[in-house]
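Below: the structure, in C-alpha cells.
The values are calculated or read from the model by the stated rules, or taken from the named source; none is laboratory data. Not measured: the values here are computed from a predicted model. FYI the Cβ positions are ideal-geometry reconstructions off the backbone, even for glycines, and counts take in every protein chain you see.
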Amino acid sequence: MAIKILTIIGARPQIIKAAALSRAIKNNYSDKITEVIVHTGQHYDAAMSQVFFDELSIPAPDYNLNVGSGSHGKQTATMIIGIEEILLKEKPNCIVLYGDTNSTLAGGIAASKIHVPVVHIEAGLRSFNKKMPEEINRIMCDHVSTLLFSPTQTGYKNLINEGFDETAKAPFNADNPNIYHCGDVMLDNSLHFAEVAESNTSILKDLALEKNNFVLATIHRDSNTDQPKRLNALFKALNKIATQNNVKVVLPLHPRTNKILQQNLEADLYSTVASSNNILILPPASFLEMIALEKNAAIIVTDSGGVQKEAFFFNKPCIILRSETEWTELVEQGNAIIADADENKIVESYNYFMKNKELVFKPVFGDGKAAEFICSEIYSTFSN
C-alpha cells in the first residue's frame, strides 16, 4: 500500500536536507511513497530558496505559505494556520519535519493537535541553552513526534535521557514513539554533490582563491549579529586573522546580516572591513558554491550548526562562534574548538589549527545512506 507524506520546509538548511529524502524516494520508493512538499516561505529571498530547488533538483513545492519575516510569535502562528489547513485537505499518513526552525515548531504543533503523526529528522540534538529559539523548537518537536531520527549517537542518548524508550514496540504513536540513530542526511548530500560542485561552480576561480589557502566564515545567528559587542569581537578577530596571516577570509552573508554590519560595527572597524582586500564579503552562496568553498578552505569559522558538520565531512578544522554546540563529537575529537565571540580565542584557535594539521576525523555521521533508511522506516511504520 502506498503512503503519503507531507514534508515541511522553510529555511535554507531544510530545503537542502529535504533533497536527500526526495532523492531516496525518487530512486527507491517512487511506487510506495508520495511526497507533498510545503514551503512555509520562512526564508523568502529568492537567492536563499529557489536557487536551492533548482540546484538540488528538489521537486517544486506543492504549496507555499509565503509567511515572510516577522516576530517569532506572528511567524509561527501564521504557519500553524496554513499547515493545519493543508493537513486537513491532504490527509497524509505523517508529516516530516527537519531540524529546529519556526517551520519545524509550527509543523509539530499543527500536526500533533489534529493527531497527524510527526516524523522528526535531526531529533535529539541539544545545546542545553534554552535562550536559543532553536533549542525550544527542537525539544517541543521531539516530544510530539512518533518517529525520531537522530544523526548521532549523542543525540540518541539525549532522547533516552529525556525519557524516550529505546525498547518501544509497534504500533508507534506520540505516546509510544520510536527512536533511531540513523546517520545524517547532510552527509548523504555532501557525498552526492561534492563532485557536482567541482564541475558546476566557478566560485574559486571567480574569487581567485587558492585551494586550502583561505578561511571560510559564516555568521548569521541573532545572538551574534544583533549584539554589537559580540559582532565587533568577531570581526576584529577575522580582521586580525586576515591581516596577520595575509590570508583571504571569505564571508558569504545573509542580506539581513550584511545590512546590520554598518549599524552595529564600530565606524573604524566597519571602514577597515569594507575596504579590506583580504575580507571578501559575498551574497549568500548557493549550496554547490558552499560545498566548493568548504571542500577547498583551509579552515572554517562559523556559528552555523550545519556548516560545522560540513566542515567535518570535508575533514576541515572548525572554529565555533558560539558558547556551545549540538555537535559535541567534533569538539571531543579535537576537530573543532568552541571560541564563542572571544576575539583572542578565535585568533588563538586559528593559530592552533594552522600549526596542528594532522587531525583525525573518525566517522560519526553514518554511511551516507541515512535517507534510504529513513524512507524504509517511514514506509514500514505507516503502510500497515
Could you list all residues from the range 125-153 that are farther than 22 Å from Ser223 by Cα and outside any helix (DSSP H, G or I)? His143, Val144, Ser145, Thr146, Leu147, Leu148, Phe149, Ser150, Pro151, Thr152
Could we say that Pro61 is in contact with a Leu (Cβ under 8 Å, 6 or more places away or on another chain), at pLDDT 90 or above and not acidic (Asp, Glu) here? no
With respect to the numbered conditions (1) within 30 Å of Ala170 (Cβ to Cβ); (2) without any contact (Cβ under 8 Å) to a residue 40 or more places away in the chain; (3) of a type in the set (Gly, Ala, Ser); (4) buried (at least 17 other Cβ atoms within 10 Å of the Cβ), which one is the sole condition not fulfilled by Ala370? (2)
Across the range 1-28, which residue is surrounded by the fewest Cβ atoms within 10 Å (Cβ to Cβ) among those that are in a strand (DSSP E or B) and not β-branched (Val, Ile, Thr)? Lys4
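Quick grid of which residues meet (1) closer than 19 Å to Lys211 by Cβ; (2) of a type outside the set (S, T, N, Q); (3) modelled with pLDDT under 95:
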residue	(1), (2), (3)
Ile300	yes, yes, no
Asp303	no, yes, no
Thr325	no, no, yes
Leu330	no, yes, no
Ala341	no, yes, no
If you go through the range 152-170, how many residues are touching a residue at least 24 places away in the same chain (Cβ under 8 Å) and under 16 Å from Ile378 (Cα atoms)? 1
Being modelled with pLDDT of 95 or more, in a loop (DSSP other than H, G, I, E, B), charged (D, E, K, R) and buried (at least 21 other Cβ atoms within 10 Å of the Cβ), is that true of even one residue in the range 190-212? no
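Quick check on this structure: which one of Ala274, Ala297, Ala285 is touching a Phe, Trp or Tyr at 6+ places or on another chain (Cβ under 7 Å) and either of a type in the set (A, V, I, L, M, F, W, C) or farther than 30 Å from Glu135 by Cα (or both)?
Ala297
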Among the listed residues Ile241, Ile291, Ile260, which satisfies the condition of being modelled with pLDDT of 95 or more and of a type in the set (A, V, I, L, M)? Ile241
Pairs where the first residue, in the range 119-133, is more than 30 Å from Phe382 (Cα to Cα) and the second is modelled with pLDDT of 95 or more, C-beta under 7 Å, 6+ apart: Ser127/Glu135; Asn129/Glu135; Lys130/Ile136
Looking at (1) touching a residue at least 12 places away in the same chain (Cβ under 8 Å); (2) among the charged types (D, E, K, R); (3) over 30 Å from Ala174 (Cα atoms); (4) part of a loop (DSSP other than H, G, I, E, B), can you tell me which one Glu358 breaks? (1)
Please go through the range 218-254 and pick out each residue that is among the charged types (D, E, K, R) and surrounded by 16 or more Cβ atoms within 10 Å (Cβ to Cβ). Arg221, Arg230, Lys236, Lys248
On the given criteria, is Ala217 modelled with pLDDT under 95 and of a type in the set (Gly, Ala, Ser)? no
Mind listing just one residue for me: the one in the range 53-104 that is of a type in the set (Ser, Thr, Tyr) and assigned to a loop (DSSP other than H, G, I, E, B) and, of those, surrounded by the fewest Cβ atoms within 10 Å (Cβ to Cβ)? Ser71
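Search the range 293-341 for residues being part of a helix (DSSP H, G or I) and without any contact (Cβ under 8 Å) to a residue 40 or more places away in the chain, and hand back the single one that is surrounded by the fewest Cβ atoms within 10 Å (Cβ to Cβ).
So, considering only residues that are part of a helix (DSSP H, G or I) and without any contact (Cβ under 8 Å) to a residue 40 or more places away in the chain, the one surrounded by the fewest Cβ atoms within 10 Å (Cβ to Cβ) is Glu332.
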